[in-house]
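Colleague: Handing you a structure now.
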Amino acid sequence: MAPRRMETKPAIFCLKTLLLLYSFIFWVTGVVLLVVGLWWKFMLGPYMLLISSSPSSAPYVLTGTGAAIVLFGLFGCFATCRGRPWMLKLYAVFLSLVFMTELIAGISGFVFRHEIKGTFLTAYSAAVMRYDGRDDRSVAVDGVQRRLHCCGVYNYTSWFSSVYFPISGIPTSCCVHVSDCNEADLKNTTLAAQKVYKEGCYELVVSFIESNMGIIAGVTFGIAFSQLVGVTLACCLSHFINSNQYEMI
């Protein structure tokens, strides 16, 4: 049995090296998810009010998933170094759960993308109609219009039926050049058309979603299926270690 044990040792060393490298990359993805979740919560919070009428749980899911991946990534490195089959099998089970979770999330996002767009239209239209320039949704609307160089839902005329228009006209966040806008012009439907962005924000956001859906789906499924590499490596290493221990008896 000695020659065969000599054959398994290089295989175990190679698998350990690959699994350690994979676990490190897996750990890095956890850190990235954790950072994205926190950034989403604290930086994108107001904008999420334009997508849903209720607070989104997505940043908490990302943060929790990222924290769990960080912990299990460290556990994977520890299990690989220790070479305990039960640890490797537990690591493989966790990677399988992550794979199924990411796969379901990716499929759900792709299937329900039209519902997401419909929800955004409803929430954004309501934010425009109830705009007052002060609350969180109003601040988010201003941010979208400034960054995307757009105005209103479908175009600047969306503002004509808002509660804000009779008081102050179209918000200054719609202005192409803020220094060239004044309240009197923005309350005048004819003059305002010459000073604000013509394109509506809804079409820009939907166009972005449609043009990038393939990339987002590809990245999501690619990350999900990468977990299968870790499962395969962990299972193979566990098998080789078990075989090597059996041959030594």
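Colleague: Which residues, counting only those in segment 94-122, are modelled with pLDDT of 85 or more and open to solvent by 80 Å² or more (accessible area, probe 1.4 Å)?
Modeller: 97, 100, 122
Colleague: Of these, 179, 125, 158, 138, which one is open to solvent by 80 Å² or more (accessible area, probe 1.4 Å) and among the small types (Gly, Ala, Ser)? Talk me through it step by step, then tell me what you get.
Modeller: Working: 125 fails: open to solvent by 80 Å² or more (accessible area, probe 1.4 Å); 158 fails: open to solvent by 80 Å² or more (accessible area, probe 1.4 Å); 138 fails: open to solvent by 80 Å² or more (accessible area, probe 1.4 Å).
The unique qualifying residue is 179.
Colleague: Then there is this: Take the residues in segment 20-69 that are among the hydroxyl-bearing types (Ser, Thr, Tyr), more than 15 Å from the chain's Cα centre (by Cα) and at pLDDT 80 or above, then tell me which one is least open to solvent (accessible area, probe 1.4 Å).
Modeller: Taking segment 20-69 first, the residues among the hydroxyl-bearing types (Ser, Thr, Tyr) are 22-23, 29, 47, 52-54, 56-57, 60, 63, 65.
Filter once more, keeping what is more than 15 Å from the chain's Cα centre (by Cα): 22-23, 52-54.
Retained after the next criterion (residues that are at pLDDT 80 or above): 22-23.
On the way: 22: 28, 23: 0 Å².
So, considering only residues that are among the hydroxyl-bearing types (Ser, Thr, Tyr), more than 15 Å from the chain's Cα centre (by Cα) and at pLDDT 80 or above, the one least open to solvent (accessible area, probe 1.4 Å) is 23.
Colleague: Follow-up. Is at least one residue of segment 142-153 modelled with pLDDT of 90 or more, of a type in the set (A, V, I, L, M) and not in a loop (DSSP other than H, G, I, E, B)?
Modeller: no
Colleague: Quick check on residue 208: is it among the hydrophobic types (A, V, I, L, M, F, W, C), open to solvent by 40 Å² or more (accessible area, probe 1.4 Å), in a helix (DSSP H, G or I) and modelled with pLDDT of 90 or more? Give the steps one after another, and end with the answer.
Modeller: Values: among the hydrophobic types (A, V, I, L, M, F, W, C): yes; open to solvent by 40 Å² or more (accessible area, probe 1.4 Å): yes; in a helix (DSSP H, G or I): yes; modelled with pLDDT of 90 or more: no.
Taking the combined requirement at face value, the residue does not satisfy it.
The values are calculated or read from the model by the stated rules, or taken from the named source; none is laboratory data. Bear in mind the structure is a predicted one, so any value in this text is a computation, not a measurement. Ligands, DNA and RNA are excluded from the accessible area calculation, which covers all protein heavy atoms including side chains. Shrake-Rupley method; radii C 1.70, N 1.55, O 1.52, S 1.80 Å.
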